[in-house]
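**Q** I'd like to ask you about the structure that follows.
The values are calculated or read from the model by the stated rules, or taken from the named source; none is laboratory data. Treat the numbers as computed from the prediction; the structure is a model and nothing was measured. Neighbour counts run over all protein chains shown; Cβ positions are idealised from the backbone, glycine included.
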Amino acid sequence: MNKLQVFELNHPLIEHKLGILRNKKTGTKEFRELIEEISMFLCYTAMNDAKLEDYEISTPLCKMNAKKLNEDNYAFVPILRAGMGMLNGVINVIPNAEIGHIGMYRDETNNHKPVNYFFKVPKNIENKEVILLDPMLATGGSAVDAIDLLKGKGVKSIKFLCIIAAPEGLKNVQQKHPDVKIYCAKIDEKLNEDAYILPGLGDAGDRIYGTK
C-alpha cells in the first residue's frame with residue numbers, strides 16, 4: 001500500500017467524535033450529525049492541494065487581490081445509500097459542486113461482492129475532480145467498482161473520502177487504482193469473517209437512517 005496516497009485525520013477532536021460515533025448507544029440523530037461533521041473535516045483536508053484563482057475585491061479599507069475556488073471544477077459522488085449521509089457535510093465546504101450518485105449494495109450470498117444498480121453523474125464529469133463518498137471502506141469492492149465506473153466516463157482526478165477504513169480495503173483500492181488519494185478519519189484493525197470492520201461502528205447506512 002502506498003501510504004503517500006492515504007491520509008488519516010489525526011486530531012484529538014476527531015478521536016473524541018469517533019468515540020461517540022462508534023458507541024452503540026448513540027442515537028440516529030447524533031450519529032447522522034457526527035457523520036456530516038467529520039465529513040466536512042475530511043473535505044477540508046482533501047482540498048489542501050486545491051488550485052485557486054486570483055480576483056480583485058474591495059475591503060472596507062482598500063482594494064486587494066483575493067483568492068477563490070472555481071467550484072464548477074468539482075463533483076461529489078456518494079455511493080448509495082450510506083454515502084448520502086456524508087453529502088451535507090461536504091456540501092458545506094463546496095456548496096456549488098455538482099452531485100452524482102452510484103447505487104450499490106453488498107450481496108451477502110455472493111462473497112459480499114458489490115452489486116451495481118444505479119449510476120448517474122453530471123454532464124462533463126470527465127472535466128471535474130470527483131470526490132467519492134462512502135463512510136466505510138471495508139473490502140474495497142464497492143470503491144473499486146465505483147472508481148471503475150467513473151474512469152469509464154473519462155474522469156481523470158478522483159479522491160475517496162470515508163470515515164472508517166480497513167487495511168484490507170485500503171490495500172485493494174491502492175492496488176487497483178494507485179492514482180486515487182484516500183482520506184479517512186481512522187484506519188481500523190481488520191475485517192471480521194463477515195467482512196465488517198473491527199472495531200468499526202456497525203452498519204453505517206442502518207445507523208444513519210435508523211433502519212435497524
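**Q** Taking the range 49-73 only, how many residues are without any contact (Cβ under 8 Å) to a residue 12 or more places away in the chain and farther than 24 Å from ILE182 by Cα?
**A** Going through the range 49-73 one residue at a time, the tally reaches 10.
**Q** Tell me which residues, restricted to the range 86-102, are hydrophobic (A, V, I, L, M, F, W, C) and more than 16 Å from LYS120 (Cβ to Cβ).
**A** Residues of the range 86-102 that are hydrophobic (A, V, I, L, M, F, W, C), as a first pass: 86-87, 90-91, 93-94, 97, 99, 102.
Matches in the range 86-102: MET86, VAL90, ILE91, VAL93, ILE94.
**Q** Here's another thing I want to ask about it. Being of a type outside the set (Ser, Thr, Tyr), modelled with pLDDT under 95 and touching a strand residue (DSSP E or B) at 6+ places or on another chain (Cβ under 7 Å) is true for just one of ASP188, ASP145. Which residue is that?
**A** Numbers: ASP188 fails: modelled with pLDDT under 95.
Testing whether each residue is of a type outside the set (Ser, Thr, Tyr), modelled with pLDDT under 95 and touching a strand residue (DSSP E or B) at 6+ places or on another chain (Cβ under 7 Å) leaves just ASP145.
**Q** Given the conditions (1) in contact (Cβ under 8 Å) with a residue 60 or more places away in the chain; (2) touching a helix residue (DSSP H, G or I) at 6+ places or on another chain (Cβ under 8 Å), report the number of the one that PRO95 does not fulfil.
**A** That leaves (1) as the condition not met.
**Q** Which pairs turn up if I take residues in the range 184-212 that are farther than 17 Å from LEU80 by Cβ and look for partners that are in a loop (DSSP other than H, G, I, E, B) and hydroxyl-bearing (Ser, Thr, Tyr) with beta carbon separation below 8 Å, at least 6 apart in sequence or on another chain?
**A** Final answer for the pair search is LEU191/THR139; ALA195/THR139; GLY202/TYR196.
**Q** Considering the range 93-113 alone, what residues qualify as being at pLDDT 95 or above and not β-branched (Val, Ile, Thr)?
**A** Hits for the range 93-113 are PRO95, ASN96, ALA97, GLU98, GLY100, HIS101.
**Q** Answer yes or no as to whether LYS29 is out of contact with any helix residue (DSSP H, G or I) (no Cβ under 9 Å at 6 or more places or on another chain), in a helix (DSSP H, G or I) and charged (D, E, K, R).
**A** Working: out of contact with any helix residue (DSSP H, G or I) (no Cβ under 9 Å at 6 or more places or on another chain): yes; in a helix (DSSP H, G or I): yes; charged (D, E, K, R): yes.
Yes, satisfied.
**Q** Six or more apart or on different chains, Cβ under 8 Å: which pairs go from a residue in the range 20-31 that's closer than 19 Å to ASN88 by Cα to one that's among the β-branched types (Val, Ile, Thr)? Could you list them?
**A** That search, which allows pairs on different chains as well, returns LEU21/ILE35; LEU21/ILE38; LEU21/ILE163; THR28/ILE208; GLU30/ILE20; PHE31/ILE208.
**Q** Then there is this: Here are the criteria: (1) closer than 20 Å to ASP179 by Cα; (2) part of a helix (DSSP H, G or I). Tell me which single one PHE7 does not satisfy.
**A** Only one criterion in (1) closer than 20 Å to ASP179 by Cα; (2) part of a helix (DSSP H, G or I) is unmet by PHE7, namely (2).
**Q** Identify, from the list ASP188, ASP194, ASP206, the residue that is acidic (Asp, Glu) and crowded, with 16+ Cβ neighbours inside 10 Å.
**A** From the options ASP188, ASP194, ASP206, the qualifying one is ASP188.
**Q** Would you mind stating whether LEU201 is in a loop (DSSP other than H, G, I, E, B), at negative phi and touching a Leu at 6+ places or on another chain (Cβ under 8 Å)?
**A** Values: in a loop (DSSP other than H, G, I, E, B): yes; at negative phi: yes; touching a Leu at 6+ places or on another chain (Cβ under 8 Å): yes.
Yes.
**Q** Also: Restricting to the range 147-188, name every residue that is over 15 Å from GLU126 (Cβ atoms) and of a type in the set (Lys, Arg).
**A** Within the range 147-188, LYS159, LYS171, LYS176, LYS181, LYS186 meet the criteria.
**Q** I'm checking my understanding of the structure. Among residues of the range 54-76 that are under 25 Å from the mean Cα position of the chain (by Cα) and surrounded by fewer than 17 Cβ atoms within 10 Å (Cβ to Cβ), which one is farthest from LYS212 (Cα to Cα)?
**A** LYS68
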